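Everything on this sheet refers to the single structure shown next.
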Amino acid sequence: MNVHEYQAKEVLARFGVPVPPGEVAETPEQAREIAEKLGGKVVVKAQVHAGGRGKAGGVKLADGPAEAEEKARQILGMTLVSPQTGPQGKLVRKVYVTKAVDIEHEYYLSVLVDRANACLTIMASAEGGVEIEKVAAESPEKIVRLAVSPVAGFSPYLGRRIGFSLGLSPDQVKQFTKLLSGIVRCFLETDASLVEINPMIRTPEGEVVALDAKISFDDNALFRHPDIAEMRDIHEEDPLEVEAGEAGLNYIRLDGTVGCMVNGAGLAMATMDIIDQHGARPANFLDVGGGASKESVTAAFRILLRDPDVKAILVNIFGGIVRCDRVAEGIIAAAKDVEIGVPLVVRLQGTNHEEARKMLEESGLPLIVAEELDEAARKVVEAAKGGAR
Amino acid sequence: MSILVDAATKVVVQGMTGSEGTFHTKQMVAAGTRVVAGVTPGKGGQVHEGIPVFDTVAEAKAKTGANTSVIFVPARFAADAVLEAIDAEMPLVVCITEGIPVLDMLKVKNALEASGKTRLIGPNCPGIITPGRAKIGIMPANIHTPGPVGVLSRSGTLTYEAVDQLTRRGIGQSTCIGIGGDPIIGSPFTSLLPLFEQDPQTEAVVMIGEIGGTAEEEAAAWIAANMTKPVVAFIAGATAPPGRRMGHAGAIISGGKGTAAEKKKVLREHGIHVVDSPADIGATVAKVLGRA
């Protein structure tokens, strides 16, 4: 789960990470009030779950309260389009008003899980404020990486090793070590999967501050962090994906025309791949899970059909413990409940698939039945290309 | 022969008295597996489905001689269950549970390395089957048949699809292992391929990978350097967009790394038979075994 910058900074501040003071506003008037409280110059920052906000016009400097209000009015309600939002952009509903800080140097700092070595990795670079992927690709020697044992946790030497390699002065290294200690503790204690500070800055006065912050949390661990689970902003998610999640389905909307309903994530990806090989694009990833009951199949049809780009649907279920005849019952019942209206190709394989095929054929529903995976993909692609809604 | 499990394997089921545990214990027994004990804290002394239940894994192991544990414990308690099995020095632990927090798995991984006595398969996997002899997991036994092909996979139902293609061509399997769809797993491809290389029954291996991580690339290097038996591979997720998690927590393309195209390229460069279509797995195995 991702959170907004203001939420990430609130969490980091709990662990003693220095961040510029600021508050979130939903109206220009609130932005003015916050700027009055902060005093001096402020920065008004669009709060959306995407990077590249500055270049997209979502981050503006204001001289004082009146200008903060004006900038907030410009940013609130705008559709922010950056390389990370996709072409449709994201509607800005909140701005974060923070005290402006003078920058002498920008650094990059992040902590993430190193899956290959089963530890955490700290990544830091004196080349901050830019896309770290670019630095990694063009001059990887400018990125320092250090492993942190999840058992041992943080130790101050980590801060010293990285701090001195970034060219910080001894006093700044002390500040940095405290900041890094806070970030690592935050990571371990909140079950984060990524904490990224880009940029971390050094002010002309020699202070080390987290100027921006991004945190992703491990969805599987949210049960232990109800306060963080509450930070979820469903406006930032695709409404169909939210609805699917509520129905216990794993759905991701894509840009093609062939709707897919599959059991199991690996088979769902493989089904998308074979549709692509037959010359059409999958409209989605959808894993109905192990059960594939009447309820889950019905919910899945409803969600697939809400996507206006879907021109045909392929149901590909491998019946294992779940018998295919039971899945066929679910499909037939669901197809009676939901107006499908596009060609539907059904492929059931595995336990009791022959009975299932017979049931589908005898149901009188306008289904296209397929036996093999390749045949199913070919049929659904033909239907999507020829079929009208 | 086979790898890891056979008719002599004695299994303890952690979480046996729950609904999942009960259902799959019956299925495992029906498939010929010797389930000798269950573990549910607080239910020690009871008998469930004709099988004795113990409070701890250590006690179950001491009293029954179990050498393998299978875990059907809910995600929030599953890492603790694995740690308990490691502490009891259980040689083989199969964790079926999906959705274990990543930091919990980091601790498990460290405990595995520190102990050196336990091999973990999973989590988030269908388990292990040696057809006709033992099934330790949740896969449908009836689609499998004994034979010469070893199967390793990060996926569940996609593995069933591949196995079904083999069985329907009359090609059986030595042992099939779902290694798990999570970013942190107990046994990556490289730790299991050597077992298939040494197993006299296994003549070829099917390896089913996914986008995300570098496990397939590491396997490719190991295969090129050490493996004499042919390997047929499929990588799921060629159409998956970067930055989106495709169901499995491990299946995510991040920072341009871990794409299907890159993995397939590396596998091909190392002499592995890569199939682009998931429908061609069975036919390609038949070809490399000279049975086409």
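The values are calculated or read from the model by the stated rules, or taken from the named source; none is laboratory data. Everything quoted here is computed from the prediction, not taken from an experiment. Neighbour counts are summed over all protein chains in view; Cβ atoms, including those assigned to glycine, are modelled from backbone coordinates with ideal geometry. The area values use the complete protein model at the heavy-atom level, side chains included, leaving out ligands, DNA and RNA. Shrake-Rupley method; radii C 1.70, N 1.55, O 1.52, S 1.80 Å.
Could you tell me whether any residue of segment A:158-181 is in a strand (DSSP E or B), polar (S, T, N, Q) and surrounded by fewer than 21 Cβ atoms within 10 Å (Cβ to Cβ)? No: segment A:158-181 contains no residue that is in a strand (DSSP E or B), polar (S, T, N, Q) and surrounded by fewer than 21 Cβ atoms within 10 Å (Cβ to Cβ).
For the condition within 27 Å of the chain's Cα centre (by Cα), closer than 24 Å to A:Gln47 by Cα and open to solvent by 40 Å² or more (accessible area, probe 1.4 Å), A:Glu189 does not qualify. Of all the listed residues (A:Glu329, A:Glu382), the sole one being away from chain B (no Cβ under 14 Å), surrounded by fewer than 20 Cβ atoms within 10 Å (Cβ to Cβ) and touching a residue at least 24 places away in the same chain (Cβ under 8 Å) is A:Glu329.
In summary, helices (runs of 4 or more DSSP H) completely within segment B:100-218 and bearing 1 or more residues that are under 20 Å from B:Asp80 (Cβ atoms) occur at B:102-115.
Checked against the criteria, A:Val208 does not count as within 14 Å of chain B (Cβ to nearest Cβ), in contact with a Lys or Arg (Cβ under 8 Å, 6 or more places away or on another chain), buried (at least 22 other Cβ atoms within 10 Å of the Cβ) and under 16 Å from A:Leu109 (Cβ atoms). A residue that is within 12 Å of chain B (Cβ to nearest Cβ), in a loop (DSSP other than H, G, I, E, B), touching a residue at least 24 places away in the same chain (Cβ under 8 Å) and not hydroxyl-bearing (Ser, Thr, Tyr) can be found somewhere in segment A:110-130.
Within segment B:242-260, residues that are more than 7 Å from chain A (Cβ to nearest Cβ) and closer than 22 Å to B:Gly178 by Cβ have Cβ atoms under 9 Å from residues that are of a type in the set (Lys, Arg) and part of a loop (DSSP other than H, G, I, E, B) in these pairs: B:Gly250/A:Arg115; B:Gly250/B:Arg154; B:Ile252/B:Arg244; B:Ile252/B:Arg245; B:Ile253/B:Arg244, counting only partners at least 6 apart in sequence or on another chain. Based on this model, can you work out whether A:Ile317 counts as open to solvent by 20 Å² or more (accessible area, probe 1.4 Å) and either over 29 Å from the mean Cα position of the chain (by Cα) or under 30 Å from B:Ile129 (Cα atoms) (or both)? No, not satisfied. Here the condition is being under 25 Å from B:Ala283 (Cβ atoms), more than 11 Å from every other protein chain (Cβ to nearest Cβ) and among the charged types (D, E, K, R); of B:Arg154, B:Arg133, B:Arg169, it holds for B:Arg169 alone.
Restricting segment A:273-298 to residues that are at pLDDT 90 or above, small (Gly, Ala, Ser) and surrounded by 19 or more Cβ atoms within 10 Å (Cβ to Cβ), the residue that is farthest from B:Met246 (Cα to Cα) is A:Ala280. Residue-level check: of (1) under 14 Å from B:Lys135 (Cβ atoms); (2) in a loop (DSSP other than H, G, I, E, B), B:Gly42 misses just (1). Looking at B:Glu84, B:Glu20, B:Glu59, B:Glu49, just one residue is of a type in the set (Asp, Glu) and within 14 Å of chain A (Cβ to nearest Cβ), and that residue is B:Glu20.
Considering segment A:254-272, the residues that are open to solvent by less than 10 Å² (accessible area, probe 1.4 Å) and of a type in the set (Val, Ile, Thr) include one that is nearest to B:Ile252 (Cα to Cα), namely A:Thr271.
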